[in-house]
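Read the structure below first, then the notes.
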Amino acid sequence: MRDTNQDTPSNALLGWYDRHARAMPWRVGPADRAAGILPDPYQVWLSEVMLQQTTVAAVRDYFLRFTARWPTVQALAAAPDDQVMGEWAGLGYYARARNLLKCARVVAGEHGGVFPDTYDALLQLPGIGPYTAAAISAIAFDRPETVLDGNVERVMARFYDIHDPLPGSKPVLKAKAAALTPDARPGDYAQAVMDLGATICTPKSPACGICPVRDPCQARAAGTQSDLPRKTPKKPKPTRYGHVYIAQSTDGALLLERRPDKGLLGGMLGWPGSDWSATPTEAPPFPADWQTLPGEVRHTFTHFHLILRIWTARLPNNTAPGGLIVMEKHAFRPGDLPTVMRKAHDLWRTR
């Protein structure tokens, strides 16, 4: 059972949040919320999906563009896939964008454009996992769910001086976070803990002197706050290699491919290319006098580093080999490409 005593770390944290909450375009601040202004579940959902594995600074402009172009979940559900994937380009983790559309279409088509308001119901939607379901139900609907992101894990590990390494310690950290989550204002509380981790209880050099919960913090008392949370060492990322082929016609048209829906960069436009492996096989899309460009493209994905070699040739007669796309010069936008493919384009442009 949660502590209902008024003199609690949760209340201290809420008081701090009332004074220092970060302003974000998707957030209803504590003063507005106290005045009865409710968060838009669509904006909460959109921001949470965008923020996965990404920073607030990186997401802000994407969020503003998305909501200006598609202000409701119904508008997003009706958007062509290509337009949404193009706007997403650069945020990475493209499976999120595919699931974003799937989820929008389920909410619009099966729920009348209204997001479910409980954790269990949200969990049934495409692309919504336990963290996102908890975040939406807490922030959008003020339900006392336990929201556990990297910031909250760090705060809990320090507050309780937990030295078991992540990710194995996640269940313990979640249980501790649940015990602190209040029944009153759980949405504001969830955002308060995340703000605390982002601005004060930071990974390096935490500002314990101005922390609103410094007195009961066990790691601060033990002097171990800078050592926490501990993490199991990651295995070194392997390096893979590949070839990409950029062909252009005399009038500027370019040869592109649509990548398979499943797998890395699924559904995105890109340059035809080889497999990505330790020893990739050259795979030009049509016979030509292919010339390799000096330099290489380097990119890092979640699980591996990638080095690409670029080949270029003239595209004959604006004719696309089977399964590929000839895109006219006026229709091509480098910004529609995922980052690694845009890097290849930029290197090719400097040839």
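Each reported figure results from applying straightforward, stated rules to the coordinates on display, with no laboratory input. What you see is a predicted model, and the numbers here were worked out from it, not measured in a lab. Cβ: placed from backbone, ideal geometry, glycine included. Neighbour counts: every protein chain shown.
Protection proxy ranking of 326-336, 308-318, 14-24, by the mean of other Cβ atoms within 10 Å over each peptide's residues and highest first, is 308-318, 14-24, 326-336. Spacing of the modelled spin labels on residue 251 and residue 60, each 7 Å from Cα toward Cβ, amounts to 4.4 nm. Here the peptides 41-49, 262-270 are ranked by packing, the mean other Cβ count within 10 Å, and the order with the highest first is 41-49, 262-270.
Using only side-chain charges placed at the Cβ, +1 for Lys and Arg and -1 for Asp and Glu, the dipole size of the range 27-112 relative to its Cα centre rounds to 100 debye.
As a proxy for reagent exposure, ranking 146, 8, 339 by other Cβ atoms within 10 Å from fewest up yields 339, 8, 146. Label-to-label distance for residue 346 and residue 227 is 4.1 nm, based on points extended 7 Å past Cα in the beta-carbon direction.
Taking 16 Å as the straight-line reach from the Cα of residue 234, the aspartates and glutamates in range (excluding those fewer than 8 positions away in the same chain) are 164.
Counting 0.36 nm for each residue step from residue 291 to residue 131 and taking away their Cα separation leaves a gain of 52.8 nm. For the pair residue 93 and residue 8, label points projected 7 Å from Cα toward Cβ lie 3.0 nm apart. Would you give the gap between the C-alpha center of the range 97-121 and the C-alpha center of the range 245-281, rounded to a whole Å? About 32 Å separates the Cα centre of the range 97-121 from the one of the range 245-281. Restricting the range 122-213 to trypsin sites (Lys or Arg not before Pro) that sit in a DSSP loop and have at most 15 other Cβ atoms within 10 Å of their own Cβ leaves 204. Pairs exceeding a 26 Å alpha-carbon distance, out of 176/237; 174/204; 204/262; 102/231; 204/235: 176/237; 204/262; 102/231. Peptides 236-249, 185-198, ordered by how many other C-beta atoms sit within 10 Å of their residues on average, highest first, read 185-198, 236-249. According to the Cα-based calculation, Rg over Rh for the chain is 1.05, with Rh computed by the Kirkwood formula. The lysines within cross-link reach of residue 329, meaning a Cα-to-Cα straight distance under 23 Å and a gap of 8 or more places when in the same chain, are 343. Derived value for the range 239-349: Kirkwood hydrodynamic radius 14.2 Å. Basis is the mean of 1/r over every pair of different alpha-carbon atoms. Assuming charge only on the beta carbon of Lys and Arg (+1) and of Asp and Glu (-1), the dipole of the chain about its Cα centre is about 940 debye to the nearest 20.
Please work out the FRET efficiency for the pair residue 72 and residue 32, using the Cβ-Cβ distance as r and a Förster radius of 25 Å; give the result to the nearest 0.05. Calculated value: 0.80.
Okay, helix-only estimate at 222 nm for the chain: each DSSP H run of n ≥ 4 adds -39500 (n - 2.57), divide by all residues, round to 500 deg cm²/dmol; what do you get? For the chain, the value works out to -11500 deg cm²/dmol.
Between amide H atoms placed 1.01 Å from N, distances below 5 Å from residue 246 occur with 311, 312, 313, all of them 5 or more places distant or on a separate chain. Residues 63, 159, ranked from the fewest to the most other C-beta atoms within 10 Å, line up as 63, 159.
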